[in-house]
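> Right, I'll just put the structure down here and ask away after.
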Amino acid sequence: MTSESVSRAFPALESDLDRVREIVGMADVPSRSELTPLTRQPAGHRHLIRPTLALLSYYVLAGTERAADVRAVKAAAAVELLHMASLYHDDVIDDARRRRGRPSVNMVWGARLAVLAGDLLFTSASRILSELGRREPMMVAETAQRICSGMIAETADRFLLSRTEAAYLEVTGAKTAELLSLACRLGAMQAGRDPEAEEDLAGFGWHLGMAYQVRDDILDLTATTGELGKPANSDIVEGVYTLPVIRALGREPSLARLLRRGLTAADAERARQLVLSCGAVEEARQVAGTHVETALRRLDLLQLRGLGDPRSREALAGYVRSITSSGGKAAPAPVTAPVTVPAPSPAVPSLAPASARPGVPTGRQEHVQERLDAWLLDTGLAATPEEARHPRWNAMASTALRFWPGADAEQAETLARWMLVIAVVDDLFDEPGLADPGEIARLRHRLALLVRGLDDTPATGGAVATAMAQAWERVRLIQPPSWRTRALGHFEEWLEAAEREACHRLNGFIPSLRDQFALRLGSSGAPVFLDTFEITYGGELEPAVRDHPLVRRLLDVAAAAALAENDLRTLDEDEAVGAPYNLVRVLRHETGCTRQEAIDEVTRQVEDGFAQVDAILTAAPAILRPADGSAASVTGTGLLRLARERLPSWRTLHSIDRYSRSSAGSETYLARLRRELLVEYAETGAAR
C-alpha cells in the first residue's frame, strides 16, 4: 500500500518489505509443514502498514540512500507479528467470521488453534526484539499492557449507552494508536538518533493511529461488506459504540431505544441511518482530520531539529494522507461466493416423490431402484413386493445417486446396497418394539458376529445376514484390504454405540451438554459414513490427507452441524420415542429453557456450523495447495473440492420415516427382522 511518490522517495522500501515478509514467514511450527498456513493468515500481510511506518521512520532519520539496517528490518517484522497476534486474538474474542475479505483464522482452524497461533506470533516477535537490546522489549511490554487494558475497557463497555467520548478516545489510543506509535518508535530507535526525535516520531504515530481508528469506525457505518472485507455495521450490532454513535446518541433520543443486545438486522440498519443523518459522521471525520494534522505537525518538529530532508518528510506525509483519507472507502477485497445450501428447518421435511427430486436422472434412478427391489425380495429383507416399496427402502436409489453423482448403475447399486444395510441396522436399534436391555445386547452381539465374519467366511441363513454378506461382497471387490479392515472396525464400534443409545432410551437417560456430541457422534455412525464416502471417492484416503488437521476439523465441524440439523428434523419423532441424544432435548433438560428457545439455539448452531464448513472449504485450496507437488496435498485439495461440490446434495439427505407400517401387516418390518436375528442368535449357540 505504497504510492509512487513514497516509492520514489524511499527506493529501498519494497525490497526491505520483502525482507520483513521473509522474517515474518519464519514464525511457524517447526517440522509441521501442514500447520504452516496457520500463521500465514490473514490475507498474506497485504498492506503491512505498521512495518512500513517503522521503516519510513528509520529512513527519515538514517537517510534514504540505502537499504535499511538489519535491525530496522527485524523491528519492522516484530511489529507486524505483534499486529497479527492481536488480530488472531481479537477475532476469537469477537467470534469474527471474516478478516480482509477472507474467512478468519478461527473460522477455518478453530478458536483453540487461533489463540495458540496468536501466542506463537507474539512470542516470535518478543524473541526478535530481545535480539535488538533491552529497551525494545520493554517498549513492547508497555505497549502490550496498554493495548490489553484498552481492549478490556472496551469489552466492559459493550452495550453501554452512557459510554462517553472520553472513554472511547482513551480506548482508541490504547488499542490502535499505541501500536502505530510503537512501530514508529522502534524504527526511529534503530537509526540511533537523539531521544527527542524518537518521541517526535512516536507522537506522530500515535496521532496517526487515532485518525486511522476513527476512520475505520466511520467506514463500519458508511462502507459495504464487500468494500470492508468483513460485515458492515458490525460495531452497532456488537455493542461497541464508537465516536459517531456516541455523538448521535446525544441528539437522537430514538437511537437509544434501538441499541441493545440481540439487535435485528432491520433495527441495526435503522440505527445506522439515524447516525448517518444527524451529522455525527461528519463530526467524526473532523476529529480524524485533526489528528492527521497533529501527526503532520510532529513531523515538522523534526525539521526544526534539522533531522530528515524535506523530500522524505513530504513523502511520509503523503503516505499518512493515503491511509487516512476520510472520504475514501476500503479497497474492495476478493470475496469468494459461498456454498449455496438449504436453510435448516425445525420441522421434519417430507421427501419428494422420486420423479420430483432435483439433480437425479430419473431413468437411471428407476433402473437402480428396480434392481434394489428385486434384491430386497431375494435376500428376504422385504417379505412382499409391497413391503419392498417401504419409503425407507424405496428412496435408496436416489440417495445413493445423490451421494455419488457420477456413479454408473452398477456403482450406484453397490453403494445403495451397502447404505441400505447400514440403514436397516440403524433402524433395528431405534425400533420402538425393542424394549428389553437383554434383547438389545443379544442383537448387538449377533450383528457383531456377522460383521466380524464378512471379510472371511460371510454368514448366511437369515435376511439381514444374507443382505449384509452380498452387499459387502460387492464392496470388497472395489476397496483395498486396509480400507476393509478399518471399515469393519468402525462398523463394530458403531454397534456398541447403538447398543448404548438404545439402553439409554429405555432407562430415560439424557446426557449432559458436555457429553452429548461424543455420544451422538458415536451412535450416528459418523466413521461408517466417512468410510462409505471413500467408496464414492474411489479407494482409500492417504493417512496424510485423512489426518491433516484441517481435514479433521472439517469433519468435526460438519458432523456437529449435520447431526444438529438432523435433530431438528426428527425432533417430533425423537420426543415421542424418548431419543436420548437429541440436542434440543439435551438443551431443555440441562438449561430448563422452552422448546422453542432450544430449537432457536440449535438452529443458530446449525447455521454457524455450516458457515464454518463453508469457511474451511473456501480457505482449504490455498492452504492445501502443494508447494512441492506432493501427492498428499494434491489429494487433499481434490478431496475438499469434491466435498464442496457435493455438500448441497448431502444436506438434502435426511431421515425418512423409519417407523412407517408395512402394508403387509400390522407389524413393522423391523420387528420381523429383529425376531429373525435373535432366533439365529439362539440357534447358533451364541447365547451360550
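The values are calculated or read from the model by the stated rules, or taken from the named source; none is laboratory data. Quick caveat, the model's predicted, so the values are computed rather than measured. Here the Cβ positions follow ideal geometry from the backbone for every residue, glycine too, while neighbour counts run over all protein chains shown. For accessibility, only protein heavy atoms count, side chains too; no ligands or nucleic acids. Shrake-Rupley method; radii C 1.70, N 1.55, O 1.52, S 1.80 Å.
> Could you list, in sequence order, all residues of segment 563-607 that are closer than 30 Å to residue 624 by Cβ, over 14 Å from the mean Cα position of the chain (by Cα) and either open to solvent by less than 20 Å² (accessible area, probe 1.4 Å) or hydrophobic (A, V, I, L, M, F, W, C) (or both)?
Within segment 563-607, 563, 564, 565 qualify.
> Continuing with the same structure: Is it true that some residue in segment 608-628 is assigned to a helix (DSSP H, G or I), surrounded by fewer than 20 Cβ atoms within 10 Å (Cβ to Cβ) and modelled with pLDDT of 90 or more?
Among the residues of segment 608-628, at least one is assigned to a helix (DSSP H, G or I), surrounded by fewer than 20 Cβ atoms within 10 Å (Cβ to Cβ) and modelled with pLDDT of 90 or more, which makes the answer yes.
> Next question. Could you please tell me which pairs satisfy a Cβ distance under 7 Å, a separation of 6+ or placement on different chains, a first residue in segment 545-573 that is in a loop (DSSP other than H, G, I, E, B), and a second residue that is open to solvent by 20 Å² or more (accessible area, probe 1.4 Å)?
548/34; 570/348; 570/655
> If the requirement is being among the aliphatic types (A, V, I, L, M), under 31 Å from the mean Cα position of the chain (by Cα), open to solvent by less than 50 Å² (accessible area, probe 1.4 Å) and at pLDDT below 80, which of these qualifies: 337, 330?
Exactly one residue qualifies, and that residue is 330.
> Restricted to segment 204-231, and to residues that are surrounded by fewer than 20 Cβ atoms within 10 Å (Cβ to Cβ) and either of a type in the set (A, V, I, L, M, F, W, C) or at pLDDT 95 or above (or both), which residue is nearest to residue 307 (Cα to Cα)?
Only one residue fits best here, namely 219.
> Sticking with this one: Restricting to segment 91-141, count the residues that are of a type in the set (Val, Ile, Thr), touching a residue at least 24 places away in the same chain (Cβ under 8 Å) and open to solvent by 20 Å² or more (accessible area, probe 1.4 Å). Quick ask: steps written out before the conclusion?
Going through segment 91-141, the residues of a type in the set (Val, Ile, Thr) turn out to be 92-93, 105, 108, 115, 123, 128, 140.
Filter again for touching a residue at least 24 places away in the same chain (Cβ under 8 Å), leaving 92-93, 105, 108, 115, 128, 140.
Adding the requirement that they be open to solvent by 20 Å² or more (accessible area, probe 1.4 Å) leaves 92-93, 115.
Summing the residues that are of a type in the set (Val, Ile, Thr), touching a residue at least 24 places away in the same chain (Cβ under 8 Å) and open to solvent by 20 Å² or more (accessible area, probe 1.4 Å) in segment 91-141 gives 3.
> So, one more: With the structure loaded, tell me whether residue 402 is part of a helix (DSSP H, G or I), of a type in the set (Lys, Arg), in contact with a helix residue (DSSP H, G or I) (Cβ under 6 Å, 6 or more places away or on another chain) and surrounded by fewer than 18 Cβ atoms within 10 Å (Cβ to Cβ) or whether it fails that test. Walk me through it before giving the result.
Values: part of a helix (DSSP H, G or I): yes; of a type in the set (Lys, Arg): yes; in contact with a helix residue (DSSP H, G or I) (Cβ under 6 Å, 6 or more places away or on another chain): yes; surrounded by fewer than 18 Cβ atoms within 10 Å (Cβ to Cβ): no.
Against the criterion (part of a helix (DSSP H, G or I), of a type in the set (Lys, Arg), in contact with a helix residue (DSSP H, G or I) (Cβ under 6 Å, 6 or more places away or on another chain) and surrounded by fewer than 18 Cβ atoms within 10 Å (Cβ to Cβ)), residue 402 does not qualify.
> Okay, moving on. From 13, 53, which residue is over 22 Å from residue 102 (Cβ atoms), surrounded by 19 or more Cβ atoms within 10 Å (Cβ to Cβ), at pLDDT 80 or above and in contact with a Cys (Cβ under 6 Å, 6 or more places away or on another chain)?
None of the others qualify; the one that does is 53.
> Considering only segment 266-278, I want to know if a residue exists there that is assigned to a helix (DSSP H, G or I), surrounded by 14 or more Cβ atoms within 10 Å (Cβ to Cβ), of a type outside the set (D, E, K, R) and in contact (Cβ under 8 Å) with a residue 40 or more places away in the chain.
Yes, segment 266-278 contains at least one residue that is assigned to a helix (DSSP H, G or I), surrounded by 14 or more Cβ atoms within 10 Å (Cβ to Cβ), of a type outside the set (D, E, K, R) and in contact (Cβ under 8 Å) with a residue 40 or more places away in the chain.
> Something else: Please work out if residue 255 is touching a helix residue (DSSP H, G or I) at 6+ places or on another chain (Cβ under 9 Å), without any contact (Cβ under 8 Å) to a residue 60 or more places away in the chain and either open to solvent by less than 30 Å² (accessible area, probe 1.4 Å) or among the aliphatic types (A, V, I, L, M) (or both).
The answer is yes for residue 255.
> Same structure, new question: Can we say residue 149 is surrounded by fewer than 23 Cβ atoms within 10 Å (Cβ to Cβ), among the polar types (S, T, N, Q) and farther than 27 Å from residue 268 by Cβ? Lay out the reasoning, then the answer.
On the way: surrounded by fewer than 23 Cβ atoms within 10 Å (Cβ to Cβ): yes; among the polar types (S, T, N, Q): yes; farther than 27 Å from residue 268 by Cβ: yes.
Yes.
> Something else now. Among the residues of segment 512-532, how many are part of a loop (DSSP other than H, G, I, E, B) and crowded, with 18+ Cβ neighbours inside 10 Å?
Residues in segment 512-532 being part of a loop (DSSP other than H, G, I, E, B) and crowded, with 18+ Cβ neighbours inside 10 Å: 1 in total.
> I'd like to check something: does segment 533-541 contain any residue that is touching a Phe, Trp or Tyr at 6+ places or on another chain (Cβ under 6 Å) and either open to solvent by 20 Å² or more (accessible area, probe 1.4 Å) or within 16 Å of residue 584 (Cα to Cα) (or both)?
yes
> Limited to segment 154-184, what total is found for residues that are assigned to a helix (DSSP H, G or I) and open to solvent by 40 Å² or more (accessible area, probe 1.4 Å)? Walk me through it before giving the result.
Taking segment 154-184 first, the residues assigned to a helix (DSSP H, G or I) are 154-156, 165-184.
Retained after the next criterion (residues that are open to solvent by 40 Å² or more (accessible area, probe 1.4 Å)): 155-156, 165-166, 169-170, 175.
Total meeting the criteria: 7.
> Could you tell me which of the residues 54, 68, 75 is in contact (Cβ under 8 Å) with a residue 12 or more places away in the chain, assigned to a loop (DSSP other than H, G, I, E, B) and small (Gly, Ala, Ser)?
68
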